[in-house]
Amino acid sequence: MSGGNRAPFVVAHRGASGVRPEHTLAAYELALQEGAAGLECDIRLTRDGHLVCVHDRTVDRTSDGTGLVSEMSLDELKELNFGTAAEPSPVLTLSELITLVLDWRSQPSKLFIETKHPVRYGALVENKLLAELQRFGIATPASADHSRAVVMSFAATAVWRIRRAAPLLPTVLLGESSRYLGGSAATTVGATAVGPSVKTLREHPDLVDKAAAAGRATYCWTVDDAADVKLCADLGVSWIATNHPGRTKAVLDAV
């Protein structure tokens, strides 16, 4: 099997975050250089309405600052360093990340965008996301296969909002419960894929076949161990999110 041409395809989790600071341009550029078929990011809304790539509610863990993302303006966030002392990096906006993906000429890649909930801005996050995708001309793909963006969330309501407003955009309902992913939730919200953790997949490998029988793909996170990469390949997982895209691709190429 060739990891570059057949599933499972490699998604760089917050970029090549195993070796570069997560959600930085450097992490995403390295992931693309290593041949990642997809880039994963988490988005949050700033006080003044900008979408930024930050996983946590606060900036405390990933920057040299402190405070809630939702209470800070974009200008305030840009004053912080999300990189290292040797290689400083400002906060990355979703707009900047989309631009990187669309301008990268070596190979086309998909952007897997996770909206975080619960948040104070609620549905406004999805509304702003759709507006941004529309601005770049990628909100209404010809088909799910040709889409450059995939929207994901642990919140079923968020997935439903996307499916209702942009039915051609592929969506992933994330979760750690096999019952939740394999039951009626994914059907109710119209998710095109389910997203179990690798721990859930180990415990319930039948999830992949059940999803396929319902016409859904499987996105598994966060897969860094070689044995887990091989398990995903054996089970027929469509996309695997990893902190080490280059290393994971090498494992798949050897399978």
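The values are calculated or read from the model by the stated rules, or taken from the named source; none is laboratory data. Just so it is clear, the structure is predicted and the values come from calculations on it, not from any experiment. Every residue, glycine as well, gets a Cβ built from its backbone with ideal geometry; the counts of neighbours run over all protein chains shown.
So, T192, is that one touching a strand residue (DSSP E or B) at 6+ places or on another chain (Cβ under 7 Å), free of Cβ contacts under 8 Å to residues at least 60 places away in the same chain and not hydrophobic (A, V, I, L, M, F, W, C) or not?
Against the criterion (touching a strand residue (DSSP E or B) at 6+ places or on another chain (Cβ under 7 Å), free of Cβ contacts under 8 Å to residues at least 60 places away in the same chain and not hydrophobic (A, V, I, L, M, F, W, C)), T192 qualifies.
Please find, among K199, K210, K249, the residue that is of a type in the set (D, E, K, R) and over 23 Å from G18 (Cβ atoms).
Of the residues listed, the single one that is of a type in the set (D, E, K, R) and over 23 Å from G18 (Cβ atoms) is K210.
Please identify the pairs in which a residue from segment 143-157 that is over 22 Å from H55 (Cβ atoms) has its Cβ atom under 7 Å from the Cβ atom of a residue that is of a type in the set (S, T, Y), counting only partners at least 6 apart or on another chain.
That search, which allows pairs on different chains as well, returns A144/T192.
Of the residues in segment 210-235, how many are within 13 Å of P196 (Cβ to Cβ) and in contact with a helix residue (DSSP H, G or I) (Cβ under 9 Å, 6 or more places away or on another chain)?
Step one: filter segment 210-235 for residues within 13 Å of P196 (Cβ to Cβ), giving 210-211, 216-223, 228, 231-232, 235.
Adding the requirement that they be in contact with a helix residue (DSSP H, G or I) (Cβ under 9 Å, 6 or more places away or on another chain) leaves 210-211, 216-218, 220-223, 228, 231-232, 235.
So the answer is 13.
How many residues, within segment 127-142, are without any contact (Cβ under 8 Å) to a residue 40 or more places away in the chain and under 16 Å from H55 (Cα atoms)?
0
For residues in segment 191-201 being part of a helix (DSSP H, G or I) and touching a helix residue (DSSP H, G or I) at 6+ places or on another chain (Cβ under 7 Å), which is surrounded by the most Cβ atoms within 10 Å (Cβ to Cβ)?
L201
Going by what's in this entry, would L100 be described as within 19 Å of the chain's Cα centre (by Cα) and within 25 Å of K249 (Cβ to Cβ)? Reasoning before the result, please.
Working: within 19 Å of the chain's Cα centre (by Cα): yes; within 25 Å of K249 (Cβ to Cβ): yes.
In short, yes.
Restricting attention to segment 103-120, which residues are within 16 Å of P245 (Cα to Cα), touching a helix residue (DSSP H, G or I) at 6+ places or on another chain (Cβ under 9 Å) and surrounded by 15 or more Cβ atoms within 10 Å (Cβ to Cβ)?
Of everything in segment 103-120, those that are within 16 Å of P245 (Cα to Cα), touching a helix residue (DSSP H, G or I) at 6+ places or on another chain (Cβ under 9 Å) and surrounded by 15 or more Cβ atoms within 10 Å (Cβ to Cβ) turn out to be S109, K110, L111.
Being farther than 16 Å from C41 by Cα and in contact with a Gly (Cβ under 7 Å, 6 or more places away or on another chain) narrows it down to one of L174, L181, L169, L201, so name that one. Give the derivation first.
Values: L174 fails: farther than 16 Å from C41 by Cα; L169 fails: in contact with a Gly (Cβ under 7 Å, 6 or more places away or on another chain); L201 fails: in contact with a Gly (Cβ under 7 Å, 6 or more places away or on another chain).
The unique qualifying residue is L181.
Output the number of residues of segment 46-89 satisfying the condition of being loosely packed, with under 14 Cβ neighbours inside 10 Å, under 16 Å from S17 (Cβ atoms) and in contact with a helix residue (DSSP H, G or I) (Cβ under 7 Å, 6 or more places away or on another chain).
So the count comes out to 1.
Go through (1) of a type outside the set (K, R); (2) touching a strand residue (DSSP E or B) at 6+ places or on another chain (Cβ under 7 Å); (3) in contact (Cβ under 8 Å) with a residue 60 or more places away in the chain for V54 and report which single condition fails.
The number of the failed condition is (3).
Can we say T218 is at pLDDT 95 or above, within 21 Å of S109 (Cβ to Cβ), assigned to a strand (DSSP E or B) and of a type in the set (V, I, T)?
Taking the combined requirement at face value, the residue satisfies it.
Do you know which residues across segment 103-124 are within 16 Å of the chain's Cα centre (by Cα) and of a type in the set (D, E)?
E114
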